[in-house]
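The values are calculated or read from the model by the stated rules, or taken from the named source; none is laboratory data. Every value quoted in this text rests on a predicted model; they were computed, and no experiment measured them. Every residue, glycine among them, receives a Cβ derived from its backbone with ideal geometry; neighbour counts consider all protein chains shown. Only protein heavy atoms, including side chains, enter the accessible area calculation; ligands, DNA and RNA are left aside. Shrake-Rupley method; radii C 1.70, N 1.55, O 1.52, S 1.80 Å.
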Amino acid sequence: MTGNQITNSCSFVLNYLQFLDNIYTNFYTGSTKFPAINSNKEGLLEHDVFIHNKKEMWNRYLEDLSHSMFLNPSSEAITNLDLRYLTNPWLFDHMFKDKSNSQNAWSLFQSWYWAQTFGCLYVNENVSHALILNISETLAGHKAFPNFLITSIYDDLPDGLESAKDNIFVFSITELSLPDGLHNMAKKILNHIGS
């Protein structure tokens, strides 16, 4: 990223944590968020244990991403960090009681994430790319702003998770798609940088 630029990306890791959160939310609350799949209680952690593990992993990821961007401020920071997780799927094993459940969820998510025309990556990138120029235009009238990385997730941000870390912002494509989504994103960014 070069000066005064907003870059967007779709984090594999954050979307996978969202995916897992929805599996647990569906099981423990009876909701039908995507993926609405039948889960076996024996394979799931206690809900409070999962929430703790998810929050810890989410925060660690944002911290690592912030550090990576500080060392090398480019859009490649998120790609390189995601590759570390993609090549080490065992990093997510603690999100389930046993490895087989973790592997099943991992496989299911990957098949959807990479799918052409309807997968998580495709949809997130198409929605966020179409909006990023409007966000830049909204911010253009304000004082110089630092570089930002906006990463999108496919559903509403789970409760209790950070949506900003240094110059990284996490937004859901459902939030961006709302009539005032762009305004709200720009407002959050401006509030964060004190403009």
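Quick notes on this one:
- LEU14 being open to solvent by 30 Å² or more (accessible area, probe 1.4 Å), in a helix (DSSP H, G or I), modelled with pLDDT of 90 or more and among the aliphatic types (A, V, I, L, M): no
- Some residue of the stretch 105-112 being within 20 Å of TYR61 (Cβ to Cβ), surrounded by fewer than 16 Cβ atoms within 10 Å (Cβ to Cβ) and without any contact (Cβ under 8 Å) to a residue 12 or more places away in the chain: no
- Of the residues making up the stretch 16-39, none is charged (D, E, K, R) and free of Cβ contacts under 8 Å to residues at least 60 places away in the same chain.
- Test for THR138: is it surrounded by fewer than 19 Cβ atoms within 10 Å (Cβ to Cβ), assigned to a helix (DSSP H, G or I) and not aromatic (Phe, Trp, Tyr): yes
- Checking each residue in the stretch 152-172 for being among the aliphatic types (A, V, I, L, M), open to solvent by 20 Å² or more (accessible area, probe 1.4 Å) and touching a Ser or Thr at 6+ places or on another chain (Cβ under 7 Å) picks out only LEU157.
- Residue, least open to solvent (accessible area, probe 1.4 Å), within the stretch 40-50, restricted to residues that are outside any helix (DSSP H, G or I) and in contact (Cβ under 8 Å) with a residue 12 or more places away in the chain: LEU44
- Only one of the listed residues (LYS54, LYS97) is out of contact with any strand residue (DSSP E or B) (no Cβ under 8 Å at 6 or more places or on another chain), more than 15 Å from TYR16 (Cα to Cα) and either open to solvent by 50 Å² or more (accessible area, probe 1.4 Å) or in contact (Cβ under 8 Å) with a residue 24 or more places away in the chain (or both). That residue is LYS97.
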